[in-house]
Every structure is written in structure tokens, then in C-alpha cells.
Amino acid sequence: MKTVNPPNSLLTLSETEIQRQRVVWIDTLKGFGIFLVFLGHTTLINKNVDHYIFSFHMPLFFFISGVLFKTDASGKYNQFILKELKTRMMPYLAFGLLTYLIWLLFFLLRKYVIYQGSAALPESLFYKPLVGMLYGNGIDGWMTHNVILWFLACLFVTEIIFFTIFRAFKEKRVIMAVLVAFATFGYLDSMYSPIRLPFSVDIAFTAVVFYGLGYLFKDYLLHSEINIGIGIFFLVLGLCAGFLNARVDMNFNIYGNPVLFYISSLSSIYAFICFAKKIPVFKPLEYIGSNSLIFFLLQATGSVVINIFAYTLFRLRPNNMEPNFLYACIYVLLTIIVLFPFVIIINKKIPFITGRSK
């Protein structure tokens, strides 16, 4: 990874130490993010926790992706597109098909074994998720087998948009102005457009704002000293703005009040960056972050496995239990633990489906 010369406050650190700091806190932040995504997708959390998590958890991942963006303005489109096809579309198709087969197997088992005699499966069940992968939107049951795939489709479009902006405008001030224009256009589209564009292009109008801000502020974030008190201040600000706003859901292109949306999401993102840079190194969390893509795309599979164990051993149906934050955290931790063997196997045996080498 290319490094940037640090400011004077970090001149005492070796370049290797700076590189190590960068990897640790970014992976820690992604590990936090995965936990929040899993938590936000359970039925065991109450509405207030759900409301706050959705105010910033997906913007966080677009922001992190922007921090990790690295290319130069002279880069060729064809080379960039080929890289995007490998790192975004390969996992999108591979995990989409893999999780479809797993989802279909469990669905048929549940339908014909545990609940034998129930209504016949609709014909659309078998092909709608596959057609939905071509549509690239996680709404209306189009990717019911793995809704979270919408993020990868949207990230693919977002990175192409930002690469175009990056090549066209060299000055950061101009890029910032373009991002403001996209924020305005993205909000107007969310309010007045009657249709959803393929591959979540309409969501990408808003996602590119967070992606671009991640790129613009990465030097500051990578090399600046972090004050935990400032992090707490921005956490409180994010909480206040988030609860003043309506519930946000990027998958459905819903943002509520645009000013409150950007204040809440950016404040919370910065707060969690502060915490990620300050907490001691925790290897499991760092590992989750460094393999966030696999955990992210296998979330539904992990949840199904936990649900089957809960029903088989204790006759419990977690999805039907009353919301309870402690239960929700335990459920998420168990889901993540269940996915560790999957992650290890994929990394060792078929790493190409993640878009990276062994």
C-alpha cells in the first residue's frame, strides 16, 4: 500500500509503524461496521437501536472504501473497469449464486420437512432472485436470498462515478463542489424519482458523497492525532441528529431530512474512527475487518445456521422472540463465530471468488 509522508507530529514513527497503524485501525473500524450491520439486520433489537444503526452503518462502508481508494488521474478506464470487475463483480456473482443455492436448499427443507403440507412454492421463487441479481436492487424480493448484495452492486457503480470525477477534476475544492452537487441530486432523486435504476445507480448518487469524502480526508485521518473527547462529542452529535431525523435506509433510498442525515452519518463515522484508532488491538475484530467482504456477504447464511441450531436444540425461533439488546448481541456474536470456518475455507481454497489472490 502506498504511504503518504506524515505531518511533523508523526515524524518520530517509522514508515512501517505508520503502515501498521493504518491497517489496524481501518480493519478494526470495518470489524465494528460488520457487527453493526449484523445487529441492524436482526429482529431482536428495539426500534431505537435500529434507528441509530441505520443512520450511518452503510455510509460508513462507502466512506471506508473511499479512504482505501488509490489510483492516479492518468489511469486508464479499461484498466480500472477490469479491476472493478475482478474485485466487485466477481464476488457479487460468485457469492450471489453460492448463497442462492444455500438459501434455496434451506428454504426447501423448511418448507417440505419442518412444515410439510404448507402451500406450494410460487414459481417466481426459483428465478426471481437470479433475475434480481441482474437488476441489482435489494427491494421487493428481487434478491431475497441475499439482500445485502445491493451494496456491492452500488459500490461498483459508485467507484466508477468517483473515478470519473477524480480524472476530470484535479483540485480537491472542485471535487468537494461536485460531491455537494451529487448530494443535492441524490436527495432530489430519492424524493421524486418513481423508479429504481438498475444496480442501485440512484443510491450511488448519494453513496459517492461518502466515498469521495473518505478519499478527500484520508491523509488527515491516517496521520492525525485523535482526541477521544472529540470522538465522544461527535458520537453525541450523531445520536442527536440521527434521532431528530426520520429512519434512514440506503437500500430503499430513504434519507429523511438531508441536513440531519449528513450530520448524523458523518458525525457517527468520525466518532467510530476515533474509537477504532484508540482502542487496544483485538485480533478477532481485526480479522473480521480484514475479511469484512466475506462476513458481509455470508451474513444471511450464518443467520440461517444459528436459527436451525436454535430450533433443533431448544425449539426456539429467534425471529419470533421479543426484542432484547443482550439477546441481539449474543445472536450476532454467534452468527459471526459460525462464519469463521467459512471464511478460512474460502481464503485457503477459493480466494478468487473474493476478487483477491490467495
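When Rg and Dmax are taken over the Cα atoms of the chain, they come to 20.7, 71 Å.
Projecting the Cα positions of Val209, Phe185, Phe261 onto the charge dipole of the chain (unit charges on Cβ atoms of Lys, Arg, Asp and Glu, taken about the Cα centre) puts Val209 furthest along the positive direction. Shape analysis of the stretch 177-216 places it in the oblate category; the axes a ≥ b ≥ c from the Cα gyration tensor give an a/c of at least 1.5, with a/b not above b/c. Dividing the summed -39500 (n - 2.57) terms of all DSSP H runs of n ≥ 4 by the residue count of the chain sets its mean residue ellipticity at 222 nm at -22000 deg cm²/dmol. Can you give the angle from 0 to 90° between the axis of helix 201-216 and the longest principal axis of the chain, with both taken from C-alpha atoms, to the nearest 10? With rounding to tens, the tilt is 40 degrees.
Using a 1.4 angstrom probe, figure out how much accessible area the chain has per residue, in square angstrom, rounded to the nearest whole. Walk me through the intermediate numbers first.
Numbers: 17520 Å² over 358 residues.
Value for the chain: 49 Å² per residue.
The longest part of the chain holding none of the exposed loop GluC sites (Glu not before Pro), meaning those outside H, G, I, E and B in DSSP with at most 14 other Cβ atoms within 10 Å, is 226-358.
Computed from Cα atoms, the angle from the helix 258-278 axis to the main principal axis of the chain rounds to 80 degrees. Rolling a 1.4 angstrom probe over the stretch 150-267 with all protein chains present gives an accessible area of which 75% lies on carbon and sulfur atoms. Placing +1 on the Cβ of every Lys and Arg and -1 on the Cβ of every Asp and Glu, with no other charges, gives the stretch 239-334 a dipole of roughly 160 debye about its Cα centre.
In percent, rounded to a whole number, the relative contact order of the chain is 30, using alpha-carbon pairs under 8 Å and six or more apart.
The separation of the stretch 330-353 from the stretch 194-249, counted between C-alpha centres, amounts to 28 Å. Roughly what angle does helix 124-135 make with the longest principal axis of the chain, taking Cα atoms, 0 to 90 degrees, to the nearest 10? It is inclined by approximately 10 degrees.
The values are calculated or read from the model by the stated rules, or taken from the named source; none is laboratory data. Given the structure is predicted, the values throughout are model-derived calculations rather than measurements. Don't worry about glycine lacking a Cβ; one is built from the backbone with ideal geometry, like all the others, and counts go over all protein chains shown. What goes into the accessible areas is simple: the full protein's heavy atoms, side chains included, and nothing from ligands, DNA or RNA. Shrake-Rupley method; radii C 1.70, N 1.55, O 1.52, S 1.80 Å.
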